[in-house]
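Taking it in order: structure first as structure tokens, then the write-up.
The values are calculated or read from the model by the stated rules, or taken from the named source; none is laboratory data. Since the model is a prediction, treat every value here as computed from it, not as a measurement. FYI the Cβ positions are ideal-geometry reconstructions off the backbone, even for glycines, and counts take in every protein chain you see.
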Amino acid sequence: MLRSLLNKLAPGNRKGAGKPRPSAPINQPSPLRGKVDTVKYEIIGRTMVATVLDPELTAPKVAELTSELQANLEKHENVPNLVVDLQNVEYLDSSCLYMLVHLLERVKANGGQIAVAKAQHRVEGIFKLTRLDSVFPIKASVVDAIEVLERAAAA
């Protein structure tokens, strides 16, 4: 669902692609959109889906991402679960793993859970190597990740 939407929005798929367009400010945050388009947010039921658009999650980027995710979670307290969609992420370092563990504490305090969706093979390998795959369910799709969180909440 999200992938098809992103594919439709890709520059080569838009009508008039390649034609000059008036530039719009990209650093104007909207209620469910990340700063400078690094993350897109969508709320599906009781789950917030955060699709990370940046291919590399290193310490400087993770610091900004952490505060942004926390702010969105606080803004939507009635949405306890979080799915982090890593389909675009090719590399992450330990600061990203720390961010997820830190966010898990926050989300659990609100009665929720965190799942990871669409992690590329290399990124999923990092979760397995650190055994964080036993802490964060890693699913092939956002829908599967949401289903896992909803089943856990119902149990």
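Within region 65-81, the residues that satisfy the criterion of being part of a helix (DSSP H, G or I), crowded, with 17+ Cβ neighbours inside 10 Å and not charged (D, E, K, R) are Leu65, Thr66, Leu69, Asn72, Leu73. Annotation note: of Val101, Val123, Val107, Val135, the sole residue that is in contact with a Pro (Cβ under 8 Å, 6 or more places away or on another chain), of a type in the set (A, V, I, L, M) and either free of Cβ contacts under 8 Å to residues at least 40 places away in the same chain or farther than 20 Å from Tyr41 by Cβ (or both) is Val107.
So that you can scan it fast, the table gives a plain yes or no per residue for (1) surrounded by 19 or more Cβ atoms within 10 Å (Cβ to Cβ); (2) at pLDDT 95 or above; (3) not in a helix (DSSP H, G or I):
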position	(1), (2), (3)
Val83	yes, yes, yes
Val89	yes, yes, yes
Val101	no, yes, no
Arg106	no, no, no
Gly111	no, no, yes
Ala115	yes, yes, yes
Val123	yes, yes, no
